[in-house]
Each structure stands twice: as structure tokens, then as C-alpha cells.
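Presented below is the structure to which this report refers.
The values are calculated or read from the model by the stated rules, or taken from the named source; none is laboratory data. The shown structure was predicted, so the numbers you read here are calculated from the model rather than taken from an experiment. Neighbour counts run over all protein chains shown; Cβ positions are idealised from the backbone, glycine included. Calculation scope for accessible area: heavy atoms of the full protein, side chains included, ligands and nucleic acids excluded. Shrake-Rupley method; radii C 1.70, N 1.55, O 1.52, S 1.80 Å.
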2 protein chains.
Amino acid sequence: MSALSSVLDRLDNNLDQSLERLFGLLRIKSISTDPAFSGDCRKAAEWLVADLKSIGFDASVRDTPGHPMVVAHHDGPAGSPHVLFYGHYDVQPVDPLDLWEADPFDPKVKELEPGRKVITGRGSSDDKGQLMLFVEACRAWKEVHGGLPCKITLLFEGEEESGSPSLKPFLDANSEELKADFAMVCDTGMWDRETPAISIALRGLVGEEITVHAADRDLHSGEYGGAAANPVRILAKVLADIHDDTGHITIPGFYDGVEETPSQILKSWETLGETAEKFLGEVGLSIPSGEKGRSVLELVWARPTAEFNGIIGGYTGKGFKTVIASQASAKVSFRLVHKQDPEKIRTAFREFVSARIPADCSVEFDKHGGSPAIQLSYDSPFLNKAKDALTDEWSKQAVMIAVGGSIPIVGDFKTYLGMESLLVGFGLPDDRIHSPNEKYDLTSFHKGQRSWARILDALTRS
Amino acid sequence: MSALSSVLDRLDNNLDQSLERLFGLLRIKSISTDPAFSGDCRKAAEWLVADLKSIGFDASVRDTPGHPMVVAHHDGPAGSPHVLFYGHYDVQPVDPLDLWEADPFDPKVKELEPGRKVITGRGSSDDKGQLMLFVEACRAWKEVHGGLPCKITLLFEGEEESGSPSLKPFLDANSEELKADFAMVCDTGMWDRETPAISIALRGLVGEEITVHAADRDLHSGEYGGAAANPVRILAKVLADIHDDTGHITIPGFYDGVEETPSQILKSWETLGETAEKFLGEVGLSIPSGEKGRSVLELVWARPTAEFNGIIGGYTGKGFKTVIASQASAKVSFRLVHKQDPEKIRTAFREFVSARIPADCSVEFDKHGGSPAIQLSYDSPFLNKAKDALTDEWSKQAVMIAVGGSIPIVGDFKTYLGMESLLVGFGLPDDRIHSPNEKYDLTSFHKGQRSWARILDALTRS
């Protein structure tokens with residue numbers, strides 16, 4: 001029996017005990033955004049520290065101006081890699097409570113449908129369930145072999161659901177202690193119930209609000225129509241010019257830093273069987289609106305976009321008013337990929353807009369955030385090892401996917417600790433994180449533990 | 001001394017008395033929109049009937065479901081033309097009262113600036129002052145010559161400022177009695193204090209509200225951006241397509257029925273000295289936004305337009321929300337000229353929009369009114385006579401101008417009585433009609449009376 005298979009056996013045999021431990025953590029009401037639960041947040045941190053100490057981690061509760069961090073260290077064999085594993089122990093609020101089918105802080109195993117058991121409760125998926133998978137994998141390894149296969153640092157945050165105000169200062173102040181060869185982040189999901197996934201890209205974002213000013217007052221369209229500049233018309237023209245007929249974005253330099261997705265990645269996405277009809281069908285649409293000739297998954301995962309998130313100008317109430325407005329405004333955002341530079345794009349956009357404003361009108365810009373895309377390597381050694389490990393566990397090729405929403409920690413690890421991240425998780429699209437009746441599939445919980453054990457094993461082998 | 005010059009002398013000599021009569025009418029609070037003043041509206045109608053009877057008109061108060069009409073008839077010499085003269089005795093409300101420098105219903109003559117006297121009070125310009133000019137011209141004619149130079153019917157409405165609900169049924173029911181060779185409408189203005197004007201065109205209007213529907217719910221632009229149709233983008237593209245780079249409207253068939261303005265009319269507009277800088281400078285602009293190569297006066301008086309009166313979609317509050325809206329809408333209006341057909345334009349617009357909606361989205365149209373343009377003849381005999389008469393009185397060439405706002409009565413006279421109208425008035429741009437401190441220049445009042453006397457005289461001559 002290999003070193004790994006005995007660990008996997010241990011995880012199989014101890015599933016009930018691991019579930020009891022998770023339930024213990026889930027019962028703690030660590031809602032970070034509500035000051036009434038500050039004590040519970042600390043209790044969760046202390047619970048984790050005690051549990052990690054019992055495995056032999058050098059673990060401690062680390063105070064911050066907000067909720068504490070949990071930091072834990074464990075040595076590995078000489079020459080083994082050093083991994084920083086990140087998760088968060090805080091959870092979202094539970095209101096509206098009456099929409100929950102059971103007490104959110106009294107976790108249960110429930111049969112969702114024949115043959116499909118789930119763990120119910122706030123945090124079961126996001127992120128207590130996910131982080132405990134890794135802790136259980138470490139425990140089994142330690143119990144079976146008396147040590148861990150590599151050097152491991154754990155960082156569990158208590159403010160992820162409330163904006164992580166203490167995170168950056170903490171990373172900055174403790175960079176020497178926290179820096180590892182790479183980070184593992186357990187806040188993502190699988191493609192579907194059968195298909196494991198590694199998230200390798202997070203689109204960046206640039207937000208801009210533009211306001212076009214024309215006449216110094218609202219005008220009557222009978223008196224001035226045809227003569228006076230109409231800011232709604234100017235704005236519509238500016239926005240319409242941003243995409244050409246093929247969905248390509250026309251702002252000069254916009255595609256600087258955008259790379260073509262490797263063909264083997266595109267091919268692997270094809271195998272997922274996602275079609276525009278299926279993806280868009282869920283929201284009542286069917287035709288991709290982005291660049292022509294690219295699959296819907298490539299469009300949302302690997303291509304940049306320009307989206308108009310809001311527009312307003314003139315009379316928008318009931319009925320009609322023949323007014324020519326003095327101003328009109330729009331909120332525009334760009335999703336970025338690869339190496340696109342948010343500030344260069346902001347500048348290019350502003351020049352693009354300004355060039356389209358008549359000389360007797362003006363435009364005002366308001367900046368709304370900017371963050372670069374995170375594009376992890378498609379074939380780093382640790383990624384390939386993790387991919388193989390996942391494929392072995394799930395008997396199905398692990399896919400490289402991308403994430404629509406942002407996971408700021410990945411950028412922070414890069415910025416403050418100079419580390420790449422490996423994003424592996426076992427959440428499912430129907431986990432209802434942030435909503436009533438959050439759940440985590442028992443299969444995710446069980447095979448997730450096994451997956452991490454396999455990944456740890458794979459990382460140590462050359 | 002000619003028949004006319006003795007009438008003009010009479011008007012000059014009786015100016016004070018005519019002013020006293022106007023003041024009598026101005027003191028009546030005939031605010032048509034406020035039911036509290038119903039009695040005052042009737043009182044104004046009765047005042048007019050009494051005054052007209054004193055000149056020898058067969059005048060009566062004619063009940064309607066709303067405020068009464070005043071109808072009066074007076075014969076003219078055999079073979080003389082028959083003219084219907086229209087005005088309205090109702091006035092706008094006076095609030096906010098504290099912005100008035102004097103009681104709006106206690107008219108006064110006031111020196112606005114050295115050498116410029118004005119009559120102050122609600123209705124002094126719109127429309128009691130204007131209609132009394134004609135009554136005074138008739139009175140002088142009658143007093144001097146014992147009769148009128150032509151057959152005259154007077155129609156004074158009491159609901160013009162509150163939507164004229166009774167007008168069309170009244171015209172329809174009394175068409176035989178009211179029909180004349182042509183109508184004269186005294187609700188317009190001069191070009192400036194020195195230049196008399198005849199309004200020969202009123203732009204028509206088509207209003208449409210369009211709502212583009214895309215996904216069946218609001219979407220997250222991270223998850224769906226680049227794939228899902230964005231209704232703001234679709235709408236912006238539709239609106240941007242309506243004008244080409246030269247300001248020309250691209251909707252097929254839009255210019256059907258649009259005629260080129262005769263060159264002598266364009267030349268006469270040039271003599272007015274209006275420039276884009278002057279016209280637009282008053283509202284903080286300087287560059288005409290309409291079709292290139294046309295003067296600003298031609299753009300607002302004789303060219304059709306497409307204007308976007310309002311637009312809304314997505315998140316329009318403070319800050320930012322990375323949403324892709326499920327719908328977006330705009331209010332669009334077209335000003336029409338000459339023989340453009342409102343319903344054909346509505347249909348062409350709807351086809352134009354529908355052709356630009358992706359197959360998985362939809363568009364909804366809401367109709368908001370449609371009326372054809374009124375284009376009066378540039379050289380009918382009565383127009384030319386009136387023009388000469390005005391030119392004689394003001395010692396300055398009368399100009400043919402157009403009106404931005406609508407004067408529905410002109411269309412109604414055409415529809416119900418089959419009559420063309422002659423639009424002559426002596427209001428000035430700074431009369432503040434509908435606003436506090438309404439006034440009417442004493443020169444308008446005096447030379448306006450003389451102008452009408454001259455027009456009546458001119459009409460009877462071949």
C-alpha cells in the first residue's frame with residue numbers, strides 16, 4: 001500500500017468523525033459583518049487553533065483591528081515544497097431566517113434527492129466546509145505517517161465576507177512568515193458534480209462613469225430640436241462606437257496584453273458541452289453578444305468586455321416630455337483578461353470618449369475601481385500535479401476554468417507575497433452560498449478531502 | 001384722407017381708452033385650469049360679449065361642457081372676404097405669486113427701461129392683450145366708417161391654457177356657423193421689437209417610447225459579460241444609427257414629404273442676423289447639431305428632427321453596480337415639417353428599430369402622440385396682403401417665421417373647418433408668458449392695433 005492509499009483509507013474510515021468536527025465549527029455563528037457576532041468570530045478562530053494544535057500545527061489566533069486571523073505552521077521533509085493554504089472561517093448573515101428550512105447553525109446531513117446527501121447550514125460550503133477538507137487531509141496524513149508530506153502554512157481569515165479590511169496590512173506586516181512557494185485557495189468550485197476543476201483566471205475590472213454636459217439648462221425640443229446638442233444622442237453615439245459589428249471593442253490599445261487562450265485549453269472547454277443555448281438559455285437568451293467566432297465559455301472566461309451597466313438622461317417618468325436634457329450619463333465597465341493594464345485602459349477610454357464630444361459640450365469622468373485580471377499559468381508544475389491528482393480522484397479529467405466574480409486574495413498574494421495561487425474547490429453551482437439553505441454535497445466533503453490528500457502527495461513527487 | 005388713415009388716427013387718439021378697456025379684461029381672473037376660477041372665466045366671456053355688442057357685433061356667450069366660448073358676427077360689404085378671428089380669454093395660473101413684482105390682476109403701465117413702456121399683468125400678452133388689438137381695430141373702423149371692411153366672425157376660447165377639451169366638438173358642431181374664407185390667429189409673436197412677423201410653419205410631432213428587453217432578469221456582468229445581450233448597448237446602437245455623421249436622419253422614407261424651403265424665404269431669414277453662436281449662445285452652446293450646411297433658423301423652423309428626450313436602463317444610483325440590465329428604454333420624438341406623415345414615420349421608425357434588435361431580444365413600442373406639421377402657403381394672396389400691411393406699419397420688412405411649440409387650433413381649423421390660418425401676433429420673446437411678471441410692450445399694443453387695421457384694409461383691396 002502506497003503512502004497515499006493508506007491516507008485515503010484513513011479519510012474513508014474517519015468520514016463520520018470529520019463530519020462531527022465540521023458540525024462543531026458550523027455551529028459557531030461567525031458572521032463577520034455583524035458586530036453582535038464578534039465573540040463568535042473569535043470563538044471560531046480559537047476552535048480552529050485548538051483543532052490544528054491537536055494535529056501538531058504551531059497554531060495561533062492573531063489579533064487584527066477586526067476579527068482575528070488564524071495562522072498555523074507545520075514542517076515538512078527537507079526539500080519539500082512550502083505551501084500556504086488560505087480559507088476563511090467567517091460566514092454571511094443568515095437573514096431572511098424564515099426562508100431557511102432548518103436552523104442555519106444546526107448543521108445536518110440531509111438527503112436532497114435519492115442518492116444525493118448534503119450537509120446543510122451556513123458556511124457548510126462557503127467556506128468552513130471547504131477549508132476543513134484540507135485540515136482533514138492533513139490530519140489523516142499526520143495520523144497515518146506521523147508527519148506531513150510538505151511544509152504547510154495555514155492562513156484562515158475572519159473578514160472575507162465583510163471586505164477583508166485587515167488582510168492587506170496583515171499580509172504586509174507578516175510577509176516573511178507567510179511567504180511560501182505558492183498558495184492554495186479553497187474558495188472556488190467544481191464544473192459540475194462529476195467534473196473537478198481548477199480556476200486559472202479571474203477577470204479584472206475597470207469602472208467608469210461618464211457624464212456628458214450640453215446646454216446649461218433643459219431645453220424644449222420644439223424650440224431647440226435640430227439645433228442644440230442633445231447629450232443623450234452624444235452619449236448613445238459614444239457607447240455605440242465602442243463595439244464594432246463583430247463585437248470587437250474599438251478603443252485603441254484595448255487589446256494590448258490580451259493573449260490567445262492555448263488551443264488545448266479551448267479544446268478542454270469544448271468537452272464540457274456548454275453551448276450558448278444552454279448557458280444563455282437559463283436567463284432567456286440564446287445568442288452570444290460578444291466577439292464573433294468564440295465559444296460562450298471563452299467569451300466569459302478569457303475575453304475582455306465592455307459593458308454598459310447603467311444609463312440615464314432626460315425625462316424618464318411616465319408619459320412624455322419633449323425635453324432636450326442638459327446632461328446624460330452612463331456607467332461603463334470593462335472586464336479585463338491576461339495582462340491588460342487597468343489604468344491604460346481607463347486613459348484610452350477617456351480619450352476615446354473625449355474625442356467624440358462636440359466642442360461646445362463637455363464630459364466628466366468618475367473613476368469606479370480598477371483591478372487587473374489574474375491569469376495563472378496554464379501549465380506550472382504544481383498546477384499540472386494538482387490536475388492529475390484531481391483527475392485520479394474523480395476519474396474524470398479535471399478542467400481549467402475561470403471565475404466571473406473576483407477573489408481579491410489571489411491578487412493580494414501576488415502583490416504582497418509574490419506568490420502564484422492554485423485555486424481548487426469543491427463547491428457546486430447550486431450550493432446557495434450567501435443565500436438561505438446553503439448546503440455542501442457530502443460527495444464534495446468526502447472526495448474533497450481525498451482530493452487534497454492526493455494533491456499534497458502529488459506535489460511532493462517530481 | 002384714406003379710409004385707413006382715419007382709422008389709424010382714431011386708434012392713436014383713443015389709445016388711453018383702449019388701454020382702460022384692456023385693463024378691465026385683465027382684472028378678471030380667468031384662470032381656466034383651476035375650477036375655483038370658473039366664475040371668473042364666465043365673467044371674462046360676458047365682458048367680451050358686452051364689449052363686442054357695444055361695437056355692433058352679434059355676440060353671445062356659448063356654453064360648452066367646460067368654460068364658454070364667445071362667438072360674434074359682423075357683416076361686411078358685399079363681396080368682401082369673410083374672416084374668422086381666433087383668440088383666447090383664459091390665462092395661466094399665477095403661482096408662485098411671490099415672484100410677481102405687482103399684483104398679476106392689477107394691470108399697470110410701467111417703464112421697463114428708458115423709452116420702453118410695458119403693460120404688466122397676467123394675460124397682458126397671452127392672449128387678452130393680443131386679442132383686444134383686433135377688437136380695437138374693429139371698434140375704430142366701426143366708429144369712423146359705421147361698418148367693417150369685411151365680414152368678420154370672432155371666436156374667443158376659454159380653455160386654451162387647459163388643453164382645449166371643448167374646442168374640437170364645438171368646431172365640429174358649429175362648422176357651418178364658423179367657417180370663413182380663412183382664419184386669423186393672434187397667438188404668436190414678432191421676430192424682435194422692430195420686426196413684424198407672420199408665422200407660416202409649425203412643426204409636427206411623433207413621440208415613441210421604446211423598451212428593449214434582453215435577459216429575463218438582471219445579470220452579473222462578471223458572470224455574463226461578453227456573452228449576454230446588453231439592452232443598453234442595443235439601445236445605444238439603435239439611437240446612434242438614427243443620425244449619420246452629417247446630422248441626416250437615416251430612417252428609410254423619413255424625408256418623404258419634406259420640401260426645400262424657397263430660397264427667398266431662406267434669404268429673408270438670413271437678413272434676421274441670427275447666428276448659431278447667438279441662438280445657441282443663450283443656452284451655453286455654439287455648434288448646430290442638426291443637418292450640416294443649413295442655418296440654425298432653417299434647422300429649427302423648416303427641417304425635421306429626431307431627438308432623444310429620455311433614456312434609462314440598468315443601475316443609475318450612486319456608486320457602481322456591475323449589472324447587465326434586463327431592459328432599457330428611451331423616449332424618442334420627431335419634429336415634422338411640410339408633408340411628412342406622422343403615422344408613416346412611426347411605422348418606419350418601428351421597422352428601423354426592430355431590424356436592429358437581436359433575435360433573442362425583443363422591443364416594445366409605446367405611442368406618444370402624433371401630429372402633422374402645419375405648413376402655410378408662402379405666398380397666398382391674404383398672406384402677401386398681410387405682409388405688406390405689416391411692412392407698412394413697422395417700416396420694416398415683415399418676415400415669415402416658424403413656431404417651435406405647437407398651436408393646435410391651426411390644425412383644428414384645417415381639419416374641422418377646411419380653413420388655412422394667418423398667424424400674426426405682436427408678442428415678444430421676453431413677454432414671460434406663463435411666468436411671473438408677464439408683460440406686453442405698449443408699442444405692441446399700439447402698433448398692433450394699427451397693424452390689424454391695416455391688414456383688414458389690405459384684405460379688402462385686390
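Summed over region A:321-346, residues that are within 11 Å of chain B (Cβ to nearest Cβ), of a type in the set (D, E, K, R), in contact (Cβ under 8 Å) with a residue 40 or more places away in the chain and out of contact with any Pro (no Cβ under 7 Å at 6 or more places or on another chain) total 1. For region B:259-278, the criterion of a residue being in contact with a Ser or Thr (Cβ under 8 Å, 6 or more places away or on another chain), within 13 Å of chain A (Cβ to nearest Cβ), part of a loop (DSSP other than H, G, I, E, B) and surrounded by 13 or more Cβ atoms within 10 Å (Cβ to Cβ) is satisfied by at least one position.
Residues considered: B:Val296, B:Val283, B:Val300. Of these, the only one that is touching a residue at least 24 places away in the same chain (Cβ under 8 Å) and surrounded by 20 or more Cβ atoms within 10 Å (Cβ to Cβ) is B:Val300. The set of residues in region A:130-181 being open to solvent by less than 10 Å² (accessible area, probe 1.4 Å), in a strand (DSSP E or B) and in contact with a Gly (Cβ under 9 Å, 6 or more places away or on another chain) consists of A:Ile152, A:Leu154, A:Leu155, A:Phe156, A:Glu157. If the condition is being within 9 Å of chain A (Cβ to nearest Cβ) and either assigned to a loop (DSSP other than H, G, I, E, B) or small (Gly, Ala, Ser) (or both), then region B:295-307 contributes B:Arg303, B:Pro304, B:Ala306.
Restricting A:Ser2, A:Ser30, A:Ser6 to residues that are more than 22 Å from A:Phe105 (Cβ to Cβ) and in contact (Cβ under 8 Å) with a residue 60 or more places away in the chain narrows the list to A:Ser6. Within region B:357-380, if we keep just the residues that are part of a loop (DSSP other than H, G, I, E, B) and within 14 Å of chain A (Cβ to nearest Cβ), the residue that is most open to solvent (accessible area, probe 1.4 Å) turns out to be B:Ala359. Of all residues in region A:190-240, those satisfying the criterion of being within 22 Å of A:Ala306 (Cα to Cα) and among the small types (Gly, Ala, Ser) are A:Ala201, A:Gly204, A:Gly207, A:Ala236, A:Ala240.
Give A:Gly189, A:Gly222, A:Gly207 a once-over and let me know the one that is at the interface with chain B (Cβ under 7 Å from one of its Cβ atoms), surrounded by fewer than 24 Cβ atoms within 10 Å (Cβ to Cβ) and under 22 Å from the mean Cα position of the chain (by Cα).
Result: A:Gly207 is the single residue among A:Gly189, A:Gly222, A:Gly207 that is at the interface with chain B (Cβ under 7 Å from one of its Cβ atoms), surrounded by fewer than 24 Cβ atoms within 10 Å (Cβ to Cβ) and under 22 Å from the mean Cα position of the chain (by Cα).
In region A:243-255, of all residues being more than 12 Å from every other protein chain (Cβ to nearest Cβ) and open to solvent by 10 Å² or more (accessible area, probe 1.4 Å), the one that is farthest from A:Arg350 (Cα to Cα) corresponds to A:Thr246.
Looking across region A:305-314, just one residue is open to solvent by less than 10 Å² (accessible area, probe 1.4 Å) and under 22 Å from B:Val206 (Cβ atoms), and that is A:Gly313. Going through (1) without any contact (Cβ under 8 Å) to a residue 40 or more places away in the chain; (2) surrounded by fewer than 22 Cβ atoms within 10 Å (Cβ to Cβ); (3) within 12 Å of chain A (Cβ to nearest Cβ); (4) in a helix (DSSP H, G or I) one by one, B:Gly317 falls short only on (4). Scanning region B:429-462 for residues that are open to solvent by less than 20 Å² (accessible area, probe 1.4 Å) and either within 19 Å of the chain's Cα centre (by Cα) or closer than 16 Å to B:Ser199 by Cα (or both) yields B:Asp431, B:Glu438, B:Lys439, B:Tyr440, B:Ser444, B:Gly448, B:Ser451, B:Trp452, B:Ile455.
Residues in region A:225-242 that are facing another protein chain (nearest Cβ under 7 Å) and either in contact (Cβ under 8 Å) with a residue 24 or more places away in the chain or within 28 Å of A:Thr271 (Cα to Cα) (or both) were compared, and the one that is most open to solvent (accessible area, probe 1.4 Å) is A:Lys237.
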